[in-house]
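Every number here is computed from the coordinates shown, using simple stated rules; none is lab data. On a predicted model such as this, the values are computed, not experimentally measured, just so you know. Please note: Cβ atoms are built from the backbone with ideal geometry, for glycine as well, and neighbour counts cover all protein chains shown.
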Amino acid sequence: MSHMKAELLSDRSSNMTAVRGMYVKILLAWGLAILCITLIAHSQSDVIDLRRTSSLGNGTTLEVLKPDPLGIDVLMRPPDIEHTWEYLETLQRWGYTRGYVPGVQTLRMDGSWHLVLSEGYTADLTLFHNRDAVFGRGTLAPAQRSAYATGQVVGSVVYLDLLTEDLALYRCMLTIRGDNLQGSYYGYSPQGLIWSGQARMERSS
């Protein structure tokens, strides 16, 4: 009898030891899993693009948490359209990406001008000339409509856009001939009409 009791106690003790060992292994596994997750999260801490933070000027390093275990964060970012070749080519064509290069100015456009269009309209304009830019305002007769002018001088050619208060656009290309300008124009209406004609412009007396 005593021998059987001793065997039972021995088996129970072995079972208890096995259970404790199993619990210890489970706890160790959980600990390792938490440690791995923490290390992965910390490794994804990425410094913000210095190009966008250089204007801070105080040497501050900014960090942002970017969980990216697959390493594809760069591929998933939306493209920066401001630096695509199409965008830069458009800006260059419009003249916004190149600096001002002074050319030979054969005529200063400052002052009062009288513009005559072949369709029977005339405009009295007050223009200002800053580097190669020309701008100003005036009235378009015979209806005495207010108009705004903007354009550019390129060599001996003046490109001048005249926009009236009822949104009719007259786009003129005038060649400098002494103190006068002669050339052609295209007219555009908000309703989609397009027409053309001859134009000349001279200083007002």
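See the values below:
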| quantity | calculated |
| --- | --- |
| Test: LEU117 is among the aliphatic types (A, V, I, L, M) and in contact with a Phe, Trp or Tyr (Cβ under 7 Å, 6 or more places away or on another chain) | yes |
| Test set (1) under 20 Å from SER112 (Cβ atoms); (2) touching a residue at least 60 places away in the same chain (Cβ under 8 Å); (3) surrounded by 12 or more Cβ atoms within 10 Å (Cβ to Cβ) - ASP179 fails condition number | (3) |
| Count - residues of segment 180-196 that are in contact with a strand residue (DSSP E or B) (Cβ under 6 Å, 6 or more places away or on another chain) and either of a type in the set (Gly, Ala, Ser) or within 15 Å of LEU127 (Cα to Cα) (or both) | 6 |
| Top-ranked residue in segment 106-120 [being under 13 Å from GLU202 (Cβ atoms) and not in a strand (DSSP E or B); ranked as nearest to the chain's Cα centre (by Cα)] | MET109 |
| Filter result (hydrophobic (A, V, I, L, M, F, W, C) and touching a Ser or Thr at 6+ places or on another chain (Cβ under 7 Å)) within segment 135-170 | PHE135, LEU140, ALA141, ALA147, VAL157, ALA168 |
| Search result, residues across segment 153-182 that are among the small types (Gly, Ala, Ser) and at negative phi | SER156, ALA168 |
| Criterion violated by ASP161 - all others in (1) touching a residue at least 40 places away in the same chain (Cβ under 8 Å); (2) among the charged types (D, E, K, R); (3) surrounded by 12 or more Cβ atoms within 10 Å (Cβ to Cβ) satisfied | (1) |
